[in-house]
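Enquirer: One structure, pasted below without further comment.
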Amino acid sequence: MGWEIVTDEHIRREKEKARRLRKTRWWRRKISRGICYYCGAKVGSKNLTMDHVIPLSRGGTSTKENIVPACKECNNKKKYLLPVEWEEYLKRLREKKS
């Protein structure tokens with residue numbers, strides 16, 4: 001499997017799509033429960049950010065299937081990780097706690 005080259009133009013275009021999606025009824029419904037997709041914490045809708053499950057920098061797109069509400073802490077920690085990498089990170093955290 002080869003690396004996909006992600007251009008600045010791709011990222012700019014997808015960020016613009018995300019800004020438009022943020023203004024939709026769909027997004028308001030997604031954040032209405034105020035729960036982070038990743039950690040499950042109830043932080044309130046005002047404290048949720050829009051996260052790309054597959055990051056734009058890794059070839060992700062701003063589609064409803066790739067966008068989830070995340071608390072600021074999870075979004076900052078996840079950064080550019082792919083879902084499998086993020087799951088591995090969470091697994092290591094759980095192992096440290098036990």
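Enquirer: Having 1 or more residues that are within 14 Å of the chain's Cα centre (by Cα) and of a type in the set (Phe, Trp, Tyr) is the bar; report the helices (runs of 4 or more DSSP H) wholly within region 1-91 that clear it.
Expert: Values: elements: 8-22, 25-31, 72-78.
Because the criterion is at least 1 residues that are within 14 Å of the chain's Cα centre (by Cα) and of a type in the set (Phe, Trp, Tyr), the helices (runs of 4 or more DSSP H) in region 1-91 that meet it are 25-31.
Enquirer: Quick check on region 62-98: of everything there that is buried (at least 16 other Cβ atoms within 10 Å of the Cβ), touching a strand residue (DSSP E or B) at 6+ places or on another chain (Cβ under 8 Å) and not aliphatic (A, V, I, L, M), which residue is nearest to SER32 (Cα to Cα)?
Expert: Per the criteria, the residue is PRO69.
Enquirer: Of the numbered conditions (1) without any contact (Cβ under 8 Å) to a residue 40 or more places away in the chain; (2) out of contact with any Gly (no Cβ under 6 Å at 6 or more places or on another chain), LYS17 satisfies every one except a single condition; which is it?
Expert: If we test LYS17 against (1) without any contact (Cβ under 8 Å) to a residue 40 or more places away in the chain; (2) out of contact with any Gly (no Cβ under 6 Å at 6 or more places or on another chain), just (1) comes out false.
Enquirer: Here's something else I'd like to know. List the number of the failed condition for ILE35; all other conditions in (1) surrounded by 11 or more Cβ atoms within 10 Å (Cβ to Cβ); (2) out of contact with any strand residue (DSSP E or B) (no Cβ under 8 Å at 6 or more places or on another chain); (3) hydrophobic (A, V, I, L, M, F, W, C) hold.
Expert: Answer for ILE35: the failing condition is (2).
Quick grid of which residues meet (1) of a type in the set (Gly, Ala, Ser); (2) closer than 22 Å to LEU82 by Cβ; (3) in contact with a His (Cβ under 9 Å, 6 or more places away or on another chain); (4) modelled with pLDDT under 95:
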site	(1), (2), (3), (4)
ARG12	no, yes, no, no
LYS17	no, yes, no, no
LYS30	no, yes, no, no
ARG33	no, no, no, no
CYS36	no, yes, no, no
HIS52	no, yes, no, no
SER57	yes, yes, no, yes
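The values are calculated or read from the model by the stated rules, or taken from the named source; none is laboratory data. Fair warning: this is a prediction, and the values are worked out from it, not measured in the lab. Neighbour counts are summed over all protein chains in view; Cβ atoms, including those assigned to glycine, are modelled from backbone coordinates with ideal geometry.
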